[in-house]
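The values are calculated or read from the model by the stated rules, or taken from the named source; none is laboratory data. Quantities reported herein were computed from a predicted structural model and do not represent experimental measurements. Don't worry about glycine lacking a Cβ; one is built from the backbone with ideal geometry, like all the others, and counts go over all protein chains shown. For accessibility, only protein heavy atoms count, side chains too; no ligands or nucleic acids. Shrake-Rupley method; radii C 1.70, N 1.55, O 1.52, S 1.80 Å.
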Amino acid sequence: MLEVKDLHVTVEGKEILKGLSLTVNPGEVHAIMGPNGAGKSTLSAVIAGNEGYEVTSGSITFEGQDVLEMEIEERAQAGLLLGFQYPVEIPGVKNVYLLKAALNAQRAARGEGEMPAPEFMKLVREKLAYMKMDPSFLQRAVNEGFSGGEKKRNEILQMLVLQPKLAMLDEIDSGLDIDAMKVVAEGVNSLRDSERAILMVTHYQRLLDYIEPDYVHVLVDGRIVKSGDKTLALELESRGYEWVTEESAA
Amino acid sequence: MSGAQTFLNRLEERVSERQAASLPEPTWIVARRQAAAARFEALGFPTRRDEAWKYTDVRRIGEGDFALARDAAFSKAAAAALTLPIEAIRLTFVDGLFSAELSDLSALPSGASVEPLSQALADNHEAVGGALGRLTGVEFSPFSALNTAFTEEGAVIRLAPGTVVELPIVLQFLSRANDAAVMSHPRVLVQAGARSQATVVEHYVGEADAANFTNVVGEILLERGAILNHYKLQEAPLGDFHIASLHVDQGRDSRFTSFNINLGGALVRNDLVSDLNAQGAEASYLGLFFAQGRQHVDNHTLVNHNAPTTFSNENYKGILGDRARGVFNGKVIVKRDSQKIEAYQSNANLLLSDRAEIDAKPELEIYADDVKCSHGTTTGQLDEKAVFALRTRGINEQTARGLLTLAFAGEVMEQVTVDAIAERVERTVAGKLPERFNLTELVDASLNEVHDTGLGEE
Ligand SMILES: Nc1ncnc2c1ncn2[C@@H]1O[C@H](COP(=O)(O)OP(=O)(O)OP(=O)(O)O)[C@@H](O)[C@H]1O
Ligand SMILES: [Mg+2]
């Protein structure tokens with residue numbers, strides 16, 4: 001469903017991704033690990049459409065469509081959704097507005113009408129309960145004054161309402177205590193089915209205990225240098241990244 | 001012929017028309033008219049060399065030739081489309097002339113009187129004469145002098161002590177698309193007796209192609225404990241020139257809240273002045289201006305803390321797109337011996353384009369020492385990170401910008417309690433949003449619905 005081929009990306013003249021390729025099929029969960037500054041967030045940001053990055057060569061397709069030709073919002077409407085490593089605070093825009101506007105935009109793109117208010121509220125309340133979030137969060141401005149953990153839950157809440165085909169989660173586990181981690185992981189797991197896929201960036205094996213990946217990739221210096229199954233994550237946890245770098249250099 | 005002379009000629013025209021129609025006038029009006037005309041002639045239109053008009057060039061008005069309105073004809077259907085859809089006590093003026101047909105005073109409670117100025121003068125001109133012009137004289141500005149010279153029509157609202165008017169009193173000023181541009185110089189006079197309460201809405205709106213000049217002067221006298229909410233919703237046609245001053249005299253423990261919302265007009269200037277003359281008097285100024293294209297909107301406010309233990313709080317938000325220009329000048333003067341006062345002022349502006357401009361200037365003059373005062377002004381752009389974040393949720397760019405622009409206006413808009421006004425603002429400011437933006441009520445309603453049907457309880 002997602003095909004990244006030989007992707008080269010630069011930021012302010014500096015090359016960050018240096019020929020990255022990745023294929024994600026429906027039903028799969030992929031984890032991307034790697035040292036700080038390797039380009040993990042860059043990858044997901046480019047897929048989501050962040051205009052600060054320049055794609056110098058390579059391609060990204062999603063369900064056969066050229067992602068790089070799509071507007072930011074079209075990508076989301078097509079089912080490509082990014083959960084941010086650092087969710088943005090949006091003063092004055094209530095969470096419930098964002099959810100409603102986003103859901104209706106997605107429905108409009110599919111040629112569907114707006115969801116009636118009672119149905120929408122029922123859906124949102126269910127998802128809030130699932131994320132163990134108080135309904136008062138709906139009336140609060142998006143992420144404003146939220147704790148780190150609350151911001152991350154809020155990202156997943158959006159995912160649960162919008163039901164993306166491919167959810168990209170950038171360090172969704174950072175800043176979470178163990179209980180919050182379980183809640184977030186459960187939320188993410190509820191998105192898993194044979195039609196959907198998940199691409200998550202993490203530094204920690206702990207998240208992978210809760211969301212079991214089918215594939216683990218190691219991203220170092222702008223390239224995927226090693227891929228394996230979930231045991232690779234365990235190995236990285238105990239041995240660090242250096243041996244992978246050395247192995248791939250050899 | 002100088003610009004000012006054109007206006008004076010129109011005045012003569014009007015005076016001789018009145019004489020021909022044998023519409024006599026009280027001598028005090030004639031005397032004031034003459035004095036005001038002389039004053040205006042001496043002053044001429046303000047120029048940018050005048051400190052108060054430094055950023056607002058009114059040559060387009062001064063060099064214009066505005067005819068006098070002849071009739072107040074306006075189709076009922078067309079008026080209905082412009083009227084705020086709220087139950088109200090309503091006076092309608094078309095190009096400044098009173099339209100009985102489009103007015104409705106049926107819900108007026110006892111103790112309250114709402115009349116066109118012409119009627120109030122005809123009934124008992126002496127009762128009007130004392131109050132009219134007491135606050136805003138010909139010295140205030142050349143425009144107030146011009147207005148006084150033309151004094152003829154407007155609205156007079158009088159509330160007997162203790163009268164509470166539940167329904168809003170709407171003064172609707174319709175601007176008509178005429179063959180030749182016209183001018184009007186309405187007066188608004190509100191006399192609120194002790195402990196009376198009311199909401200007054202001045203609504204300026206009109207036909208899209210209109211290009212008229214409105215020069216309104218308002219005076220509000222609040223006696224002890226009176227509470228007045230004043231909304232100005234200025235959504236005049238984009239070709240209209242709109243000059244307004246509103247002067248409020250506040251007695252002990254009176255409370256005045258102004259919502260000054262400006263969305264329309266080609267060239268707009270508002271002066272809002274409160275005199276807090278006795279302890280406990282409180283003025284809240286909430287303002288929102290939104291200008292696009294080449295609109296120019298200037299807001300000058302002045303709060304005079306003339307007595308100890310008086311309070312003022314001001315929050316103005318400006319949103320400027322395209323090549324629009326805005327001016328905010330907020331002045332607070334605390335007199336010597338006006339101790340224990342609190343005066344807060346804030347102004348924030350949002351520039352939606354590189355070519356939009358704002359001149360913002362807070363001015364505090366404090367001659368007492370035991371006071372709490374603060375002021376601040378900021379100007380910025382939409383947060384592009386937030387635009388991006390919203391777009392990554394599938395919300396299109398235009399909607400994202402609309403949501404964020406409305407969010408900026410939110411602090412002021414949240415306090416607007418007349419829904420029809422909030423809706424007008426949302427539609428104008430946010431552009432075409434795919435759904436009703438103000439979801440709060442909807443959400444509350446549907447929450448209750450979910451409870452009632454037990455749907456949300458699993
Ligand atoms: N806007 C930018 N301007 C300059 N450099 C940038 C910019 N964005 C990213 N970079 C650089 O690109 C490199 C990759 O950053 P990226 O955020 O993708 O790393 P990461 O793998 O997600 O790291 P971490 O594990 O710390 O989150 C870093 O060296 C970073 O400093
Ligand atoms: Mg990162």
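Using modelled backbone amide H atoms (1.01 Å from N, in-plane), which distant-in-sequence or interchain residues come within less than 5 Å of residue B:201's amide H?
Here the answer is B:169, B:170, B:171, B:231, since their amide H atoms fall under 5 Å of that of residue B:201.
At a 10 angstrom cut-off on C-beta neighbours, averaged per residue, how do the peptides A:52-59, B:83-90 rank from highest to lowest?
Going by the mean number of other Cβ atoms within 10 Å, highest first, we get B:83-90, A:52-59.
Any idea of the total accessible area buried by the B-A contact, 1.4 Å probe, rounded to 100 Å²?
Approximately 3000 Å² gets buried when B meets A.
Considering only the other residues whose Cβ falls under 10 Å of the Cβ of residue B:78, what net charge follows from Lys and Arg at +1 and Asp and Glu at -1?
Within the 10 Å Cβ shell, the charges total +1.
Over chain B, calculate the relative contact order: mean separation of alpha carbon pairs under 8 Å at least 6 apart, over the residue count, as a percent.
That works out to 9 percent.
What does the accessible area of residue A:204 come to, in Å² to the nearest 10, when a probe of 1.4 Å is used?
About 130 Å², rounded to the nearest 10.
Taking the Cα centre of each part, how many Å lie between region B:331-397 and region A:143-197?
Spelled out, the Cα-based centre of one part sits 37 Å from the other.
What number, in percent, do you get for the relative contact order of region B:73-226 if the mean sequence gap of Cα pairs under 8 Å and at least 6 apart is divided by its residue count?
27 percent
I need the trypsin sites (Lys or Arg not before Pro) found in region A:93-146, filtered to DSSP loop residues with at most 14 other beta carbons within 10 Å of theirs.
A:110, A:132
Please turn the phi angles of region B:223-236 into ³J(HN,Hα) values with the Karplus equation 6.51 cos²θ - 1.76 cosθ + 1.60 (θ = phi - 60°), one per residue in order, whole Hz, x for glycine and proline.
My calculation for region B:223-236 gives 7, 3, x, 6, 10, 10, 9, 10, 10, 10, 10, 9, 10, 5 Hz in order.
Please compute, for peptide A:137-145, the average count of beta-carbon atoms on other protein chains lying within 10 Å of each residue's beta-carbon.
What the average comes to for A:137-145 is 2.
Over chain A, what is the mean sequence separation of C-alpha contacts under 8 Å (at least six apart), divided by residue count, expressed as relative contact order in percent?
This gives 27 percent for chain A.
Shielding of B:378-391 by partners, i.e. mean partner chain Cβ atoms within 10 Å per residue?
5
Between helix B:440-453 and chain B, what is the angle of the helix's C-alpha long axis to the longest principal axis, kept within 0 to 90° and rounded to the nearest 10?
50 degrees
Considering amide H positions built from the backbone, and no H for Pro or chain starts, which residues 5 or more places from residue B:330, or on another chain, come under 5 Å of its amide H?
When sequence neighbours closer than 5 places are left aside, the close amide H contacts are B:301, B:361, B:363.
Post the alpha-carbon centroid distance, region B:260-312 to region B:99-156, in whole angstrom.
21 Å
Taking θ = phi - 60°, what integer Hz values does the Karplus form 6.51 cos²θ - 1.76 cosθ + 1.60 yield along region B:293-303, in sequence order, with x for Gly and Pro?
Once θ is set to phi - 60°, the couplings for region B:293-303 become x, 10, 4, 10, 10, 10, 10, 10, 10, 9, 10 Hz.
How much of the DSSP beta bridge set in the protein assembly as shown is antiparallel, as a percent to the nearest 5?
20 percent
Amide H of residue A:216 versus every other amide H placed in the peptide plane: which residues, excluding those fewer than 5 positions away on the same chain, fall under 5 Å?
For residue A:216, whose amide H was placed from the backbone, the distant partners under 5 Å are A:31, A:228, A:229.
Restricting to DSSP loop positions (anything but H, G, I, E, B) with no more than 13 other Cβ atoms inside 10 Å of their own Cβ, which GluC sites (Glu not before Pro) remain in region B:89-167?
Passing both the DSSP loop test and the Cβ count: B:139, B:166.
Which one, B:409, B:46, A:137, projects farthest toward the positive side of the charge dipole computed for the protein assembly as shown from Cβ point charges (K/R +1, D/E -1)?
Looking along the dipole axis, the top candidate is B:46.
Hey, what do the phi angles of region B:389-404 turn into as Karplus ³J(HN,Hα) couplings, whole Hz, using 6.51/-1.76/1.60 and θ = phi - 60°, x for Gly and Pro?
Residue by residue, region B:389-404 yields 4, 5, 5, 5, 9, x, 7, 5, 4, 4, 5, 4, 5, x, 4, 6 Hz.
Tilt of helix B:3-20 relative to the longest C-alpha principal axis of chain B, in degrees (0 to 90, nearest 10)?
60 degrees
Under the definition of partner shielding as Cβ atoms of other protein chains within 10 Å of a residue Cβ, what is the mean value for peptide B:399-409?
4
Rounded to the nearest 500, what is chain B's calculated 222 nm mean residue ellipticity when only DSSP H runs of at least 4 contribute -39500 (n - 2.57) each, over all residues?
Calculated at 222 nm, the ellipticity per residue is -8000 deg cm²/dmol.
Per-residue counts of other Cβ atoms within 10 Å, averaged by peptide: what ranking do you get for B:379-387, B:130-138, B:276-284, B:181-189, highest first?
For the peptides B:379-387, B:130-138, B:276-284, B:181-189, the packing ranking is B:181-189, B:276-284, B:130-138, B:379-387.
Counting only protein heavy atoms, what percent of the accessible surface of chain B is carbon or sulfur at a 1.4 Å probe?
Carbon-and-sulfur percentage of accessible area, whole number: 48.
Of A:5/A:165; A:152/B:317; A:94/B:372; A:182/A:226; A:18/A:165, which ones are farther than 25 Å apart at the Cα?
As for pairs spanning more than 25 Å Cα to Cα, those are A:152/B:317; A:94/B:372; A:182/A:226; A:18/A:165.
Loop-only GluC sites (Glu not before Pro) in region B:1-85, please: DSSP not H, G, I, E or B, and at most 15 other Cβ atoms within 10 Å.
Hits after loop and neighbour filter: B:63.
Using r as the Cβ-Cβ distance of residue B:323 and residue A:23, and R0 as 35 Å, what FRET efficiency do you calculate, to the nearest 0.05?
0.10
Going by Cα centres, region A:79-129 and region A:202-222 are how many Å apart?
Between the Cα centres of region A:79-129 and region A:202-222 lies a distance of 28 Å.
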